[in-house]
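The values are calculated or read from the model by the stated rules, or taken from the named source; none is laboratory data. For clarity, every value in this text was computed on a predicted model and none was experimentally measured. When we count neighbours, we look across all protein chains shown, and the Cβ atoms used for this are built from the backbone with ideal geometry, even at glycine.
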Amino acid sequence: MNKKDLRELKVRAEEGKTKAMFEYGMETDAPDEKKKYLKKGADEGYIPATYHYGTLLVAAIVAVEILAIFQPGYYLPK
């Protein structure tokens with residue numbers, strides 16, 4: 001997807017189009033934007049966005065647990 005299409009998709013997502021929120025979240029390379037728009041789509045009840053946002057959260061949790069196992073002195077946040 002080229003930059004122009006991505007900008008147009010972001011505009012539609014900002015207008016509140018649920019499917020556009022999901023598509024922009026999947027297409028963007030910016031991790032914060034990806035998480036933000038997948039969460040918005042999930043909050044609106046769009047099932048694919050809910051699934052992909054959930055996998056992002058699980059991946060983050062697993063990464064923290066791996067750090068806790070393999071790095072002595074690393075503590076999980078409370």
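Here are a few things to note about the model shown:
- Entirely in the chain, the helices (runs of 4 or more DSSP H) that have 2 or more residues that are surrounded by 12 or more Cβ atoms within 10 Å (Cβ to Cβ) and charged (D, E, K, R): 3-14, 18-27, 31-43
- Among the residues of the stretch 15-35, the ones that are of a type in the set (Val, Ile, Thr) and over 14 Å from Ile47 (Cα atoms) come to 1 in all.
- If the condition is being touching a Ser or Thr at 6+ places or on another chain (Cβ under 9 Å) and within 16 Å of Lys35 (Cβ to Cβ), then the stretch 1-22 contributes only Lys10.
- Residue within the stretch 9-32 that is out of contact with any helix residue (DSSP H, G or I) (no Cβ under 6 Å at 6 or more places or on another chain), at pLDDT 90 or above and of a type in the set (S, T, N, Q) present: no
Here's the yes/no breakdown for (1) over 23 Å from Gly16 (Cα atoms); (2) not hydroxyl-bearing (Ser, Thr, Tyr):
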{"residue": "Thr28", "(1), (2)": "no, no"}
{"residue": "Glu33", "(1), (2)": "no, yes"}
{"residue": "Gly54", "(1), (2)": "no, yes"}
{"residue": "Val58", "(1), (2)": "yes, yes"}
{"residue": "Ala63", "(1), (2)": "yes, yes"}
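- Filtering the stretch 17-40 to residues that are touching a residue at least 24 places away in the same chain (Cβ under 8 Å) and not hydrophobic (A, V, I, L, M, F, W, C) leaves Thr18, Lys19, Gly25, Glu27, Tyr37, Lys40.
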